[in-house]
Amino acid sequence: MTVFAQFSPRLRLIEKPTVDAAADIEDGSLDLVFIDANHTYEGCRDDILAWRPKLRAGGWLTGHDYFPEAFPGVVKAVDELVPGFKLEGDYVWMAQI
Ligand SMILES: C[S@@+](CC[C@H](N)C(=O)[O-])C[C@H]1O[C@@H](n2cnc3c(N)ncnc32)[C@H](O)[C@@H]1O
């Protein structure tokens, strides 16, 4: 908890499922979102839909495990919902909003 406290209020631990946690965050308030929780299609899709509105204009929507053999659901959700994304190292996907 000391680590979190020293960066407060910019760092805040929210112990909730990801979609529920998004409701605690103001729309348009974040510079970057990194999605790496539920790796099913529905899980990744719901996280993208819940968290994208939290980004400011020019913010980065990113995530892990764009890895077709292991996580086809992540690939499907990102392909459908994140136009123009780029792939970086270690299966990281990212797009500027
Ligand atoms: C692939 S791990 C990645 C964790 C972290 N990003 C990292 O790199 O260490 C995914 C984690 O998200 C958790 N998780 C899965 N679905 C979740 C959800 N809907 N809400 C909150 N956490 C979730 C899992 O229990 C697991 O700990």
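The values are calculated or read from the model by the stated rules, or taken from the named source; none is laboratory data. Keep in mind the model is a prediction, meaning the values are calculated, not measured. Note that we place each Cβ from the backbone using ideal geometry, even for glycine, and neighbour counts take in every protein chain shown. Quick note on the areas: whole protein, heavy atoms, side chains included, nothing else; ligands and nucleic acids left out. Shrake-Rupley method; radii C 1.70, N 1.55, O 1.52, S 1.80 Å.
Across region 4-26, the number of residues qualifying as in contact with a helix residue (DSSP H, G or I) (Cβ under 7 Å, 6 or more places away or on another chain) and either free of Cβ contacts under 8 Å to residues at least 24 places away in the same chain or more than 19 Å from residue 63 (Cβ to Cβ) (or both) comes to 3. Filter region 4-52 for residues that are assigned to a strand (DSSP E or B) and either hydrophobic (A, V, I, L, M, F, W, C) or open to solvent by less than 40 Å² (accessible area, probe 1.4 Å) (or both); which is nearest to the ligand (Cβ to nearest atom)? Looking at the filtered set, the residue picked out is 34. Here residue 75 passes the criteria (1) assigned to a loop (DSSP other than H, G, I, E, B); (2) free of Cβ contacts under 8 Å to residues at least 12 places away in the same chain except the one numbered (1). Condition test on residue 32, is it at pLDDT 95 or above and touching a helix residue (DSSP H, G or I) at 6+ places or on another chain (Cβ under 9 Å)? No; evaluated as a whole, the condition is false for this residue.
For residue 65, the requirement of being open to solvent by less than 60 Å² (accessible area, probe 1.4 Å) and either in a loop (DSSP other than H, G, I, E, B) or within 16 Å of the ligand (Cβ to nearest atom) (or both) is met.
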